[in-house]
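The values are calculated or read from the model by the stated rules, or taken from the named source; none is laboratory data. The structure presented is a predicted model; accordingly, all values stated were derived computationally and were not measured. Every residue, glycine as well, gets a Cβ built from its backbone with ideal geometry; the counts of neighbours run over all protein chains shown. Just so you know, the surface numbers come from the protein's heavy atoms only, side chains and all, with ligands and any DNA or RNA stripped out. Shrake-Rupley method; radii C 1.70, N 1.55, O 1.52, S 1.80 Å.
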Amino acid sequence: MDKPFVAVAGTDAIAPGKFLKVVVDNQAYIVANVDGRFYAVEDNCSHEDYPLSYGCLDGDRIKCSLHGSRFSLATGEPMDEPADEPIRTYRLVVAEGQIWLDPS
Ligand code: FES
């Protein structure tokens, strides 16, 4: 896989309904498996800069454990208050059993 993609995990390292926190160049990301489809978002809640990796998945959303806002893993849009700004999403490619993330 060419740059800017970086191998971050094997597909078998993240079971359906689970996520993994990965770090690339000191930046933390969440890579989630929703029914075999993988998503990547920043590991930071847009409400108060709190790690979303302390939270949990709710279907195709990630829920912040501090005040409960949920964000779409596909679009980054907040689905609940108090968050009103989206989180960043990132491109992923799955190839040969590896998950590749584009951190740019
Ligand atoms: S810090 Fe995440 S909802 Fe408040």
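What are the residues in region 43-55 that are crowded, with 20+ Cβ neighbours inside 10 Å and more than 9 Å from the ligand (Cβ to nearest atom), if any?
ASP43
Among the residues of region 58-69, is there at least one that is assigned to a loop (DSSP other than H, G, I, E, B) and more than 15 Å from the ligand (Cβ to nearest atom)?
Here is the first cut: in region 58-69, the residues assigned to a loop (DSSP other than H, G, I, E, B) are 59-60, 64-69.
Next, only the ones that are more than 15 Å from the ligand (Cβ to nearest atom) stay: 59-60.
So far as region 58-69 goes, yes, one or more of its residues are assigned to a loop (DSSP other than H, G, I, E, B) and more than 15 Å from the ligand (Cβ to nearest atom).
So SER46 clears everything in (1) of a type outside the set (Phe, Trp, Tyr); (2) part of a loop (DSSP other than H, G, I, E, B); (3) touching a helix residue (DSSP H, G or I) at 6+ places or on another chain (Cβ under 7 Å) except one condition, right? Which one?
Among (1) of a type outside the set (Phe, Trp, Tyr); (2) part of a loop (DSSP other than H, G, I, E, B); (3) touching a helix residue (DSSP H, G or I) at 6+ places or on another chain (Cβ under 7 Å), SER46 violates only (3).
Out of the residues in region 77-104 that are within 16 Å of the ligand (Cβ to nearest atom) and under 20 Å from ALA9 (Cβ atoms), which is least open to solvent (accessible area, probe 1.4 Å)? If you could, list the steps in order and put the result at the bottom.
Initially, region 77-104 is screened for residues within 16 Å of the ligand (Cβ to nearest atom), giving 77-88.
Narrowing further to those that are under 20 Å from ALA9 (Cβ atoms): 87-88.
On the way: ILE87: 9, ARG88: 118 Å².
If we take residues in region 77-104 being within 16 Å of the ligand (Cβ to nearest atom) and under 20 Å from ALA9 (Cβ atoms), then ILE87 is least open to solvent (accessible area, probe 1.4 Å).
Looking at (1) open to solvent by 60 Å² or more (accessible area, probe 1.4 Å); (2) out of contact with any helix residue (DSSP H, G or I) (no Cβ under 8 Å at 6 or more places or on another chain), find the lone condition where SER65 falls short.
Going through (1) open to solvent by 60 Å² or more (accessible area, probe 1.4 Å); (2) out of contact with any helix residue (DSSP H, G or I) (no Cβ under 8 Å at 6 or more places or on another chain) one by one, SER65 breaks only (2).
Determine if region 24-35 includes at least one residue that is aliphatic (A, V, I, L, M) and open to solvent by 50 Å² or more (accessible area, probe 1.4 Å).
Our first condition is that a residue be aliphatic (A, V, I, L, M); within region 24-35, this holds for 24, 28, 30-32, 34.
Checking which are open to solvent by 50 Å² or more (accessible area, probe 1.4 Å) leaves us with none.
No, the conditions are met nowhere in region 24-35.
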